[in-house]
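Note sheet for the following structure.
The values are calculated or read from the model by the stated rules, or taken from the named source; none is laboratory data. Keep in mind the model is a prediction, meaning the values are calculated, not measured. Heads up, the Cβs are rebuilt from the backbone with ideal geometry, glycines too, and the neighbour counts pull from every protein chain shown.
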Amino acid sequence: MNLRTENREAVPEMPNRLGIQGIEFIEYATNRPQALGQVLESMGFKPIARHRSREVTLYRQGDMNLVVNANPDDARVAATEDGQAEISAVAFRVQDALKAHTRCIDLGAWSVSSHAQAMELHIPAIHGPGGTRYYFVDRWQEFSIYDIDFKPIPTVDQLPPAVEGMSYFGLVQYIGAARSEDWMAYYEHMFDFSVIPDSERFGILPKGKLLKSPCRKFLWQLIEPDPWMEADESPESLKRIGFGVKDVAKAVQSLKANGVEFVESKDLHPEDRGALTRSALGSVSFELVHQNT
C-alpha cells in the first residue's frame, strides 16, 4: 500500500457523511498481554495508561494509540486461541460520534451493546468482520476519551515520539472467497470509502483490492484467500496494520535494533517501497509502507 501526494484542487471532494478524520485507536484482544506488550514495545509503542476498571492497557507512539484488551470478561478475548492476539476493533475519529453511529444503524449496521460502567464513557460502536467492532470517537483533540477511562502510568512520557515518524497508514482485512465486491460495496455504502483502481498497486504485498478513506488519511486492503485454501483456514478478520514512513530502509534499521525481525526471501525483502515483519504470537505482523506525505 502507498498513499500518494495529490493535488487537492484537481481532485473532486469525496463525500464524507460520517465526518471521518482518521484512526483514533486500534485494539488487540489477547490473553497474553505481557507477551503482546513486548512485541509492541519492540515496534516503538510505549505503555502510557491503564483502564480504570478493566484489564486494558493504552500504548502510544507519536499520533498513534493502540489498545491491548486482556479483559477476561470480553468474549473477544476469550475467543483468542493458544495465546494469539487478534485485531478486535478500530476506532474512527469523527465529527459527531452519535450522528455517525445513528447513520450507520440507519444504513443497516448492527449496533454493539454498551458495557460502560458508572462514570465511564459510552463509545458507540457497530459490528465489523468476525467479532470485531468499529467505534466512533469525537473526543480526540483538547479532551480525549483516555482522560476519563484511563489512569496514566506514573513517570511515563505520555507523548512518546514515533520511530522514524511512523503513522497509521491502513489496515489489511482478510475476507472470504469471492467476497471482494460485497466488502467494497459495504465500505463505500457505510463509510464513503472509494475504490482505488487495480492499475495502482503499492507496497510489497500488492494483493487484493484497495480502498481509500474519505479523509484521505488511511487505506483499507481487502484480500481473498488463495484458491487452494479451505474456507475455515482463512476466516474473515482484520489481519494486519500498515505504518507509513518516509524512509523504509531507515525505519527497518531502527526497528531491527529493537529486535524486530523482517521477512526476507527472493520474493519479499525490505526495500524502499516497504517491508513486512515476521509474525509474532502466531498472528501479529506489521507492514511498513513508503509514504510521501
task: May I ask you to verify whether Trp140 is closer than 23 Å to Ala29 by Cβ, assigned by TED's automatic domain parsing to the domain that holds Ala97 and out of contact with any Cys (no Cβ under 7 Å at 6 or more places or on another chain)?
output: yes
- prompt: Across the range 137-151, what is the total count of residues that are modelled with pLDDT of 85 or more, touching a strand residue (DSSP E or B) at 6+ places or on another chain (Cβ under 6 Å) and under 10 Å from Arg93 (Cβ atoms)?
  reply: 1
statement: The correct count of residues that are among the charged types (D, E, K, R) and more than 18 Å from the chain's Cα centre (by Cα) in the range 16-56 is 6
message: So, in the range 40-56, how many residues would count as being more than 19 Å from Leu159 (Cα to Cα) and either part of a helix (DSSP H, G or I) or small (Gly, Ala, Ser) (or both)?
response: 1
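One line per residue, one yes/no per condition, for (1) among the hydroxyl-bearing types (Ser, Thr, Tyr); (2) surrounded by fewer than 18 Cβ atoms within 10 Å (Cβ to Cβ):
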{"residue": "Leu40", "(1), (2)": "no, no"}
{"residue": "Pro47", "(1), (2)": "no, no"}
{"residue": "Ala70", "(1), (2)": "no, no"}
{"residue": "Ala75", "(1), (2)": "no, yes"}
{"residue": "Glu81", "(1), (2)": "no, yes"}
{"residue": "Ser88", "(1), (2)": "yes, no"}
{"residue": "His101", "(1), (2)": "no, no"}
- request: Within the range 140-156, track down each residue that is assigned to a loop (DSSP other than H, G, I, E, B) and touching a residue at least 24 places away in the same chain (Cβ under 8 Å).
  value: Ile145, Ile153, Val156
message: Looking for something β-branched (Val, Ile, Thr), farther than 22 Å from Ile241 by Cβ and out of contact with any Leu (no Cβ under 6 Å at 6 or more places or on another chain) - is there at least one such residue anywhere in the range 112-131?
response: no
- request: Please enumerate the residues belonging to the range 176-213 that are within 18 Å of Gly242 (Cβ to Cβ), at pLDDT 95 or above and part of a loop (DSSP other than H, G, I, E, B).
  value: Phe193, Ser213
- prompt: Say we look at the range 57-77 and pick out the residues that are part of a strand (DSSP E or B) and free of Cβ contacts under 8 Å to residues at least 40 places away in the same chain; which of these is farthest from Phe243 (Cα to Cα)?
  reply: Thr57
